[in-house]
Amino acid sequence: MFDSNSFHYTGNTLSCEEVSLQELAGRYGTPLFVTSAKSLTESYLAFEHAFATLPHFTCYSVKANFNLSVIRTLAELGCGCDVNSGGELFRALKAGVKPEKIVFAGVGKKPEEIAYALESGVLMLKAESVSELRAIDRIAGELGRNATVAIRINPNVTAETHPYITTGDSKEKFGIDEAELEEVFELFGTLGNITLKGLDMHIGSQIFDTGFYVEATMKLLDIFNSAKDLGFCIEYLDIGGGFPVTYDPKKQATPIEHFAQKLIPLLAPAGVTVIFEPGRYLAANASVLLTRILYRKRNHTGKEFFVVDAAMTELIRPALYHSHHEILSVTRHDSTIRADVVGPVCESSDFFARHRELDAAEEGELFAVMSAGAYGAVMSSNYNGRLRPAEVLVSGSEAKLVRRRDTYDQLIQNEVF
């Protein structure tokens, strides 16, 4: 049984905070993303409480969910932002995040994005290659500015997670390899328009074992000490995000307090500000994807299917990562059925669940695909000419439309015919 402070059954009907999901589907249609402001707030405050004794600064990783209202909800609590593109920077600024609370990451920043970040006055740019350091220096010089930068270190720590979301292995594209650091530190002596203020790492996502963070953090601290010995004044150590959340009740995430217990004793003696970049941790369990059952069908082998109106175009994680999402009937039933939940897109990978025990809901009823707040709406697409869904933010008994559903005219508005 799924239950939380934000998504729960009131009688036999699933609600978000004090609002019935049945009511929201009737008002805004489906597919529909529904986000709980309370859940976002509670996740942020839990993270801050865990690391309260450590001088730190939390930057929400915008790539997880870049809805303006989601960003603003967190920003109003004091959270900064980690952005990975000019578009994400634009969104963070539009949502009201102060530029000095924004860090700009990304392995392939374009020159105009670097210029946009510098002109906006972000806290720092995180460089991931020698070539990028040279580019930042050149662009800063052209703008008559001095760029504050951090260098992202690839600690060569292979965390046990899905291979598509591991980022700290030397085989991957991210960061500067440890072997290059001597060259990088020497390079700063020749670049007059940049100042090294931070060291950064990120080892992946959905990492349940605290040991991988400890290993990578110790490597980062060794580099920090070497940088200090060379005369650099490092003010920030950025250890990224990747802290796990529970998608499957049978695989409970490691509590954030366990990471804090391991990391605070390592990081506190450094005497600098630690930057964290949680994205999934804050957003994943704050949203559900509401979808209506279009058809029930059974093939000649007796296999059962629920065909729903949401698809991989709204939530691609099951197709891309074979990810588990709990699926609840918005109206509870006493009986269950073992079935696949599939969407209407013309791909065999368009599914939300395979051979899952589910409530025996009928055609026209609603399913809620749980834990859809991270890497759901942000990765949506118009494949098969589908319309990106509406999004609603719930706070207590109030529900607010925070993104309108696409229209057919929007599908072609940028095309020249």
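Here, each number is a calculation from the coordinates, and none is a lab measurement. Being a predicted model, the structure only gives us computed values, none of them experimental. Cβ placement follows ideal geometry from the backbone for every residue including glycine, while neighbour counts extend to all protein chains displayed.
When the label point is put 7 Å from the Cα of residue 49 along its Cα-to-beta-carbon vector, which residues of the range 355-374 have a backbone N closer than 12 Å? Counting only backbone N, you get no residues.
Backbone phi angles across the range 101-116, fed through the Karplus curve with coefficients 6.51, -1.76 and 1.60 (θ = phi - 60°), yield HN-Hα couplings of 10, 10, 10, 10, 10, x, 7, x, 6, 7, x, 5, 6, 4, 4, 4 Hz in residue order; Gly and Pro are listed as x.
When each of the peptides 290-297, 65-72 is scored by the mean number of other C-beta atoms lying within 10 Å of its residues, the order from highest to lowest reads 65-72, 290-297.
Non-local lysine pairs in the range 105-278, meaning eight or more places apart or on different chains, with alpha-carbon distances under 21 Å, amount to 17. Cα extents for the range 247-400 along the principal axes, largest to smallest and rounded to whole angstrom: 65, 35, 32.
When all C-alpha to C-alpha distances in the chain are sorted into bins of 20 Å, what percent of pairs does each bin hold, rounded to whole numbers? Calculated over all Cα pairs of the chain, the distribution is 26, 53, 20, 1 percent. Globularity index of the range 105-278 is 1.06 (Cα radius of gyration / 2.2 N^0.38 Å, N = number of residues). Of all DSSP beta bridges confined to the chain, the antiparallel ones make up roughly 50%.
Rounded to the nearest 5, the antiparallel percentage of DSSP beta bridges internal to the range 105-278 is 5%. Of the residues 114, 412, 176, the one with the fewest other Cβ atoms within 10 Å heads the list, and the complete ranking is 412, 176, 114. Relative to the longest principal axis of the Cα atoms of the chain, the long axis of helix 210-229 makes an angle of roughly 20 degrees. The slack in the chain from residue 414 to residue 252, taken as 0.36 nm per residue of separation less the alpha-carbon distance, amounts to 53.9 nm.
Cβ crowding within 10 Å ranks 109, 400, 197 as 400, 197, 109, fewest other Cβ atoms first. Relative to the first principal axis of the alpha-carbon coordinates of the chain, what is the inclination of helix 130-143, with its axis defined by its Cα atoms, in degrees from 0 to 90 and to the nearest 10? Value to nearest ten degrees: 80. Does anyone have the angle between helix 37-50 and the longest principal axis of the chain? Alpha-carbon axes, 0 to 90°, nearest 10? It works out to around 40 degrees. Of the residues 206, 22, 261, which exhibits the maximal mean-square fluctuation in a Gaussian network model of the chain defined by a 10 Å Cα contact cut-off? Top of the fluctuation ranking is 261. A Förster radius of 22 Å combined with the Cβ-Cβ distance from residue 228 to residue 135 puts the calculated FRET efficiency at roughly 0.25. Remark: the range 19-32, residue by residue, has Karplus-estimated 3J(HN,Hα) of 10, 5, 5, 4, 5, 5, 4, x, 7, 10, x, 9, x, 8 Hz, where x stands for each Gly or Pro and the curve is 6.51 cos²θ - 1.76 cosθ + 1.60 at θ = phi - 60°. Sorted ascending by nearby beta carbons within 10 Å, beginning with the fewest, 329, 36, 335 become 335, 329, 36.
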